């Protein structure tokens, strides 16, 4: 019984190792690409914020005496920044949700595969044990009796 559990653990560890080995490169590539995309978006936002900052300074110099117009421009830039921030946060949230769903589905699929493999291994082992038991326990008299019963049942079918 203990040897069975040990073999099952070894099988599980081999399966987990293979899963890690085969899945890490595509996952790493996917995460690297997504990281680069987010970095690019952040750089674009940073560029937009820098441009907004330059415009603000230009208008401040040109319209030093017009406080109302400066206040309006300030509000507009803050709103644009908030909108952009909201878009980035929403995009990141959607991506995280999609990634969670995909990983959950992949995990469920791998779990089903592992369960099926474990079930098949269990059935194979049970068959081997049953076969060994039959080979060890059956006697020549049992073989003769089984053969006779089988032949009698075939004769009964042909009648």
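Pairing the Cα long axis of helix 67-137 with the longest principal axis of the chain, what angle in degrees results, from 0 to 90 and rounded to the nearest 10? For 67-137 against the chain, the angle is about 10 degrees. Where does helix 140-158 land angle-wise versus the long Cα axis of the chain, in degrees 0 to 90, nearest 10? Taking the Cα atoms of the chain, the angle to 140-158 is about 80 degrees.
For the pair residue 115 and residue 34, what calculated FRET efficiency results from E = 1/(1 + (r/R0)^6), where r is the Cβ-Cβ distance and R0 = 35 Å, to the nearest 0.05? With a Förster radius of 35 Å, E is 0.70. Going from the fewest other Cβ atoms within 10 Å to the most, the residues 3, 77, 109 appear in the order 3, 109, 77. Each helix, a run of at least 4 DSSP H residues, gives -39500 (n - 2.57); summed and divided by the residues of the chain, these come to -35500 deg cm²/dmol at 222 nm. Taking every alpha-carbon pair in the chain and binning the separations at 5 Å intervals from zero gives 1, 6, 8, 10, 7, 7, 7, 6, 6, 6, 5, 4, 4, 4, 3, 3, 3, 2, 2, 2, 1, 1, 1, 0 percent.
A straight line joining the Cα centroids of the stretch 15-37 and the stretch 77-103 runs 23 Å. Taking the C-alpha atoms only, the angle from helix 2-62 to the longest principal axis of the chain is near 10 degrees.
All of the numbers you see were taken from the coordinates with simple rules; none came from a lab. Here the structure is a predicted model, which means the values were calculated and not measured. In this analysis, Cβ positions are derived from the backbone assuming ideal geometry, glycine residues included, and neighbour counts consider all displayed protein chains.
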